[in-house]
1. Given the structure, is L142 hydrophobic (A, V, I, L, M, F, W, C), over 27 Å from G91 (Cα atoms) and open to solvent by 60 Å² or more (accessible area, probe 1.4 Å)?
2. Just the residues that are within 18 Å of Q124 (Cα to Cα) and among the small types (G, A, S), please, taken from the stretch 52-75.
3. Name the pairs whose Cβ atoms lie under 7 Å apart, with the first residue in the stretch 83-102 and part of a strand (DSSP E or B), the second of a type in the set (K, R) and more than 15 Å from the ligand (Cβ to nearest atom), and 6 or more positions between them or separate chains?
4. Need pairs with beta-carbon distance below 6 Å; first residue open to solvent by 20 Å² or more (accessible area, probe 1.4 Å) and within the stretch 104-128, second hydroxyl-bearing (S, T, Y) and part of a strand (DSSP E or B); sequence gap 6+ or separate chains.
5. May I ask you to list the residues in the stretch 75-90 that are within 16 Å of the ligand (Cβ to nearest atom) and open to solvent by 20 Å² or more (accessible area, probe 1.4 Å)?
6. So G23 fits all but one of (1) touching a residue at least 12 places away in the same chain (Cβ under 8 Å); (2) open to solvent by less than 60 Å² (accessible area, probe 1.4 Å); (3) in contact with a helix residue (DSSP H, G or I) (Cβ under 8 Å, 6 or more places away or on another chain); (4) not charged (D, E, K, R); what number is the exception?
7. Hand me the list of helices (runs of 4 or more DSSP H) wholly inside the stretch 105-185 holding 1 or more residues that are within 12 Å of the ligand (Cβ to nearest atom) and in contact with a strand residue (DSSP E or B) (Cβ under 8 Å, 6 or more places away or on another chain).
8. State which residue pairs qualify: first residue under 27 Å from A18 (Cα atoms) and away from the ligand (no atom under 16 Å from the Cβ) and inside the stretch 34-63, second residue open to solvent by 70 Å² or more (accessible area, probe 1.4 Å) and in a loop (DSSP other than H, G, I, E, B) in any location, beta carbons under 7 Å apart, and separation of 6 or more residues or different chains.
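The values are calculated or read from the model by the stated rules, or taken from the named source; none is laboratory data. If you're wondering where the values come from, they're calculated on a predicted model, not measured in any experiment. All Cβ positions, even for glycine, are placed from backbone atoms using ideal geometry, and neighbour counts span all protein chains on display. The area values use the complete protein model at the heavy-atom level, side chains included, leaving out ligands, DNA and RNA. Shrake-Rupley method; radii C 1.70, N 1.55, O 1.52, S 1.80 Å.
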Amino acid sequence: MTFDIVTIFPAMFEQPLAAGVIGRAIERGVLDVKVRDLRDFTTDRHRVVDDVPFGGGPGMVLKADPLFRALDAIEADRGQQLTVVLTSPQGERLTQESAQRLSRQAHVVVLCGRYEGVDERIRQRVTEEVSIGDYVLTGGELPAMVILDAVARLVPGVVGDEQSVAADSFSRGLLDFPQYTRPARLSWPGPQGAADLSVPDVLLSGNHADIRKWRKREAVTRTLDRRPDLLAGATLDDEEQQILQELQNGRAALQKGKAG
Ligand code: 9D3
């Protein structure tokens, strides 16, 4: 899969793209990411990418013509069938589902918005506008990196362990169960003095049926406590469904006891 990122801050992508799973995938040629400096697509001596808004008002607007020139260059480079994503606070929220949809495209271009916005006329070349959530950032560069990370890890061969991608909590609709590693017993001074921080016995028992059941119960409990909204779209197996029933019955009984 190929990504082209168009930005006025190409340096913001250097380290994130060199590190970890994404860095390795690029090294191995499974992913091809080109970061393109929008200023390279200006034609004036001062390489100006922004200007004041028509009609007045605060801030600056990204000019349309450097973006058009960048898109033309990318099209010439990659061939047709470009999916063009514009990062924007007005966009549709990025979800695991939209990441999955983008991961099936061969070429994705991400245009990083900046300032008060982007000249509206480039929207004729934009396939979709994407926001990463309802909080205010200073620009679209971090969102672009988030989109790339979420999409690229779904591309076959990017993550070494295909199973971990398939078992993903957001794909299944359940949060992850708690994880522990060695040492099994640990004592550490906490706010109330030395605390005994032991790993749950079941994980040390070697009984894999019990471990599987415990993990399912923890995952369902956490989801019910922290993200009950996820349960509506979750695909639970029979065992998980039964655990959920039990937990909900138990809680309903508790509520009734308090009320009565
Ligand atoms: C909606 C706020 N706008 C009111 C005038 C101003 C504005 C704030 C922040 C315009 C652009 C930005 C920069 N943010 C992004 O470009 C952005 C973003 C974000 O701020 N939050 C979540 N996702 C995204 S994607 C792009």
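1. Values: hydrophobic (A, V, I, L, M, F, W, C): yes; over 27 Å from G91 (Cα atoms): no; open to solvent by 60 Å² or more (accessible area, probe 1.4 Å): yes.
No, not satisfied.
2. Here is the first cut: in the stretch 52-75, the ones within 18 Å of Q124 (Cα to Cα) are 61-75.
Answer for the stretch 52-75, where residues must be within 18 Å of Q124 (Cα to Cα) and among the small types (G, A, S): A64, A70, A73.
3. If the second residue must be of a type in the set (K, R) and more than 15 Å from the ligand (Cβ to nearest atom), the pairs left are V84/R125.
4. Q105/T83; H107/T2; T127/T83
5. P89, Q90
6. Going through the list (1) touching a residue at least 12 places away in the same chain (Cβ under 8 Å); (2) open to solvent by less than 60 Å² (accessible area, probe 1.4 Å); (3) in contact with a helix residue (DSSP H, G or I) (Cβ under 8 Å, 6 or more places away or on another chain); (4) not charged (D, E, K, R), G23 breaks only (1).
7. Details: elements: 141-152, 162-166, 169-172.
The helices (runs of 4 or more DSSP H) meeting that bar are 141-152.
8. As it stands, the answer is R39/R47, since those pairs meet every condition given.
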